[in-house]
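For reference, the structure discussed in these notes is given below.
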Amino acid sequence: MPTLKNIQIEVDASYLYDVLAQHEEDPNVAKVFKEMSKIEHSHAVAFMEKNGMDTSVFPKPSGRAKFLNFIGKVFGYDYILGVLLDTEKSIANSVKNARKQYNSAESISDTAHVSILKNVLQGNKDISGPSLARFEKQHRSVGGNALRAAVLGGNDGLVSNFSLVMGIAGATNGQKEVLLTGLAGLLAGALSMALGEWISVKSSQELYENQMDLEMDELETNPAGEERELALIFQTKGVSEEQAKQMAKETMLDKEKAHAILIKEELGINGDDLQGSAMEAAISSFVMFAIGAILPVSPFFFLGGMQAVLLSAAFSAIGLFFIGGVITLFTGKSVWYSGFRQVIFGLLAAAITFGIGKLIGVSIAG
């Protein structure tokens, strides 16, 4: 039985696809988005009818959907597309789980709508190459993944420095000591995050590049063996043995194409995924961590004692609630639930470090 939450998901998707259609420069891509909006709208209507609801009063988009629209206005509407693409898989999994729960037969329409969208875009000859390339690029790298990374980076900075600041405030009750420690924690944490992100991206790229070079060496030194591997790959996809051998032979005529297929199928590597900049990732991590970490420190620029502690806790709580609310862009949970959960855990961590700091401070003073 469709739930009100499922209906709202379809309503939001219809609204967001319509937003994308309105701001898409390529008329053919806009047409696809408009069609996806109508499909999502029809799903919502069908769910409402099944629930016995009045379809003449169509639900309005949620605050989450409207906030995504705001993000699109500020950062560009490709971010909306990225989040939609990123969340469609979870929607499909929810439908699949619901069918299992109610012993309902599976349907082709249960698959993620992003697959339908990609197929329509790729099969539409009227859509320009640059538009399709942009779509694929945003699917891989912008959207939900980048936004999620930014949110988590800010959360790490806020929670870790909030706890650090409260611990030192509990131990010393001094303004300068807390401020110095907070700024040191901000810089140390941000630099550590940036270096870690740079190493992670760079090492992954170097590992993949080494594997790709090895595959190219194999392709050059043992082309017959690689041709047999290609034939086996095609056979595993349902192609007959004779046709697979012919396809492998034709593929081997273009070494670059053969190499791309082999590294993707054997190693699970997409060459386009190696284009990300390690430096950009590092700078992004540094900035987002620093933004989160500065909140609990800021009151100590002007105040000291318990007044600064309380103001730091208030600023941090607001930041935590905001982060919890933004997380719902990916989880679909209630903003209030996610926001207050984030606040409670953050304040609990800070309270523990503050208490430990108090004990240490009293012990040292005694």
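Just so you know, all these numbers are worked out from the coordinates, no wet-lab data involved. Every value quoted in this text rests on a predicted model; they were computed, and no experiment measured them. Positions of Cβ are generated from backbone atoms using ideal geometry, with glycine treated the same way; all protein chains shown enter the neighbour counts.
Give me the number: length gained by fully extending LYS66 to LYS249, i.e. 0.36 nm times residue separation minus the C-alpha to C-alpha distance, one decimal in nm.
60.7 nm
Mind giving me the nanometre distance, one decimal, between the label points for SER56 and GLN22, set 7 Å out from Cα along Cα→Cβ?
The answer from the label model is 2.6 nm.
Tell me the net charge near GLY304. Cut-off is 14 Å between Cβ atoms, GLY304 excluded, with +1 for each Lys or Arg and -1 for each Asp or Glu.
Taking every other residue near GLY304 into account, the sum is 0.
Modelling each spin label as a point 7 Å along the Cα-to-Cβ direction, I'd like the GLU177/LEU303 distance in nm, to one decimal.
The modelled label-to-label distance comes out at 2.0 nm.
Between segment 163-193 and segment 312-327, what is the C-alpha centre distance in whole Å?
After rounding, the separation between the Cα centres reads 19 Å.
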